[in-house]
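Below is one structure, written out as structure tokens, with a few remarks after it.
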Amino acid sequence: MVMALPAQAQVSRPVARPWGLPWAAVPGPAVGAPRIIGGTGAGCVVGAERLADEGPGWQAVRVSRNRHWGHPDLVRAVQGLAARATAAGLQALLVGDMGQPRGGPLPYGHASHQAGLDVDIWLDVTPRRGLAVAQRESIDVPSVVLPGGDAVDPARWRPGHARLVQLAAETPGVDRVLVNAAIKQELCRAQPGAAWLRRVRPWWGHDEHLHLRLRCPAGQGECVDIAPPPPGDGCDATLAWWFSAEARAPAPRAPRPPQPPRLPAACAAVLRGG
Ligand SMILES: [Zn+2]
């Protein structure tokens, strides 16, 4: 499950998953009561809502991608996180990709983000208030992790980064927050045993953004969750593995090219608009 391409690759927008093109081409949501069908890696959504380009405490980035759609609970979650971050003295959130208007597979950039429950928030604490939408098309933020991946970069890591990850992990309805293993390691060092750390899980990349995923909202019987994080703060052998020779070794053979997800049958009608 590759979550994001390097920034440079995102700019040129390679089509890694051509089966996502019809989903990306649909300009607006399927009209109806909010309904999630399937899960983050193979799913779609009816009644998605679009996050405004900016609001109190947030600025959406790369809005030309038309990927700021999600279940209404996700939009509320981003707005709530923005409000709590503002109250904590943090800068306006830079909100990256959410999902496409009807969810579904994306032709480039993520294998997940399909069911209207995922959002990428940039790990940025620099004051950037009032950026024009056009400026937000081209900005980038640097990694907060050292090139070797062993630790956060002390020249870039700030208390505000830790606070942002914590606030994200305390979002009501959150399933988990994905960050680079070096970030999780730093949070474990600073706040061992904190209950919210359970929901902060290490993943490849995610060294300049965090990925927040919500659990299936109540009453969404067709929505499929992934297994919840195991009990405990996760500052354990499961984290240590990410720094092991096994985790660092290059893949023994070329990885399999991406395969189309098995979408639930009902998603075909969602794509058509029903
Ligand atoms: Zn993501």
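Each reported figure results from applying straightforward, stated rules to the coordinates on display, with no laboratory input. A quick note: this is a predicted structure, and the numbers were derived from the prediction, not measured. Cβ sites come from the backbone with ideal geometry, for glycine too, and all protein chains shown count toward neighbours.
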Under 17 Å from the Q259 label point (7 Å along Cα→beta-carbon), backbone N, the range 95-124: 105, 111-112
A227: net charge of surrounding residues, Cβ under 14 Å, Lys/Arg +1, Asp/Glu -1, itself excluded? +4
For helix 72-87, what angle does its Cα long axis make with the longest principal axis of the chain, in degrees from 0 to 90 and rounded to 10? 30
In terms of modelled amide H atoms, which long-range or inter-chain residues lie less than 5 Å from the amide H of R201? V177, L178, V179
Which length gain, in nm to one decimal place, applies between V133 and A155 when the Cα-Cα distance is subtracted from 0.36 nm times their residue separation? 5.0 nm
Let me check I've understood the local charge: for A88, count other residues with C-beta under 15 angstrom from its C-beta, Lys and Arg +1, Asp and Glu -1. What total comes out? +1
Among G38, A151, A265 the positive-end extreme of the charge dipole of the chain (Cβ point charges): A265
Scan around Q59 for amide H atoms under 5 Å from its own, H built in the peptide plane at 1.01 Å from N, and keep only partners 5 or more places away or cross-chain. L93, L94, V95
Relative to the longest principal Cα axis of the chain, at what angle does helix 159-169 sit, 0 to 90 degrees, rounded to 10? 40
As I understand it, the value is the acute angle between the Cα axis of helix 181-190 and the longest principal axis of the Cα atoms of the chain; what does it come to in degrees, rounded to 10? 50
From phi via Karplus (6.51, -1.76, 1.60), per-residue ³J(HN,Hα) for the range 34-45 in Hz, x at Gly/Pro: x, 8, 9, 10, x, x, 4, x, 6, x, 7, 8
Using θ = phi - 60° and the Karplus curve 6.51 cos²θ - 1.76 cosθ + 1.60, what whole-Hz ³J(HN,Hα) does each residue of the range 115-120 get, with Gly and Pro shown as x? 10, x, 10, 10, 8, 9
Give me the net charge of V200's neighbourhood, meaning all other residues with Cβ under 12 Å from the Cβ of V200; Lys, Arg count +1, Asp, Glu -1. +2
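Given the -39500 (n - 2.57) contribution per DSSP H run of 4+ residues, what per-residue ellipticity at 222 nm results for the chain, rounded to the nearest 500 deg cm²/dmol? Display every interim value, and only then the final one.
Details: 9 runs with 66 residues, N = 274.
When only DSSP H runs of four or more count, the value is -6000 deg cm²/dmol.
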Under Karplus coefficients 6.51, -1.76 and 1.60, residue-wise ³J(HN,Hα) of the range 129-138 in Hz, glycine/proline x: 4, x, 5, 5, 3, 5, 5, 6, 6, 10
The chain: most fluctuating residue of R253, R215, R156 per GNM, C-alpha cutoff 10 Å: R253
Using the number of other C-beta atoms within 10 angstrom as an exposure proxy, rank C188, C223 with the fewest first. C188, C223
If you count the DSSP beta bridges with both ends in the chain, what percent of them are antiparallel, to the nearest 5? 75
